[in-house]
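Colleague: Before we start, here is the structure in question, set down as structure tokens.
The values are calculated or read from the model by the stated rules, or taken from the named source; none is laboratory data. This is a predicted model, so every value here is computed, not measured. Neighbour counts run over all protein chains shown; Cβ positions are idealised from the backbone, glycine included. Side chains are part of the model used for accessible areas, which takes the heavy atoms of the whole protein and leaves out ligands, DNA and RNA. Shrake-Rupley method; radii C 1.70, N 1.55, O 1.52, S 1.80 Å.
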Amino acid sequence: QVQLVESGGGLVQPGGSLRLSCTASRSFSSINVMGWYRQAPGKERERVATIIRGGITNYADSVKGRFTISRDNAKNTMYLQMNSLKPEDAALYYCRHNSVYGDYWGQGPQVTVSS
């Protein structure tokens, strides 16, 4: 089993920045996919940014150039740096840890973008 603890959500003005963190109880050494997803009210959950086995990163078109996914293997922590935030980025953000141990999701901190 893998526990995921997220932090870093909050309220930010348009154009502002936030960094989300997700710390896992297991290492990333057996990862198939790790990353960030989001779900806004009335919408389906969507992929934001992921790292797949081999370290290849992928971003949703809507966040390319603004968001950066990264990880610190020594801390079992992954991050999502979000810059130039827009109101349409507001959502619950979930981290995902998919590995040989199963498919696990974080609790989804709220990101609100409003003036």
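Colleague: Tell me the trypsin sites (Lys or Arg not before Pro) within the stretch 16-106 that lie in a loop according to DSSP and have at most 13 other beta-carbon atoms within 10 Å.
Modeller: For trypsin sites (Lys or Arg not before Pro) across the stretch 16-106 that sit outside H, G, I, E and B with at most 13 neighbouring Cβ atoms in 10 Å, the list reads 43, 53, 64.
Colleague: When a/c is below 1.5 the answer is rounded, else prolate if a/b is larger than b/c, else oblate, so apply that to the chain with a ≥ b ≥ c taken from the square roots of the Cα gyration tensor eigenvalues.
Modeller: Because a/c hits 1.5 or more and a/b exceeds b/c, the chain counts as prolate.
Colleague: How do 93, 37, 59 rank by accessible surface area computed with a 1.4 Å probe, from largest to smallest?
Modeller: My answer, sorted largest first, is 59, 37, 93.
Colleague: If you take all C-alpha pairs in the stretch 1-47, what percent of them are over 15 Å apart?
Modeller: When every Cα pair of the stretch 1-47 is considered, 62 percent fall beyond 15 Å.
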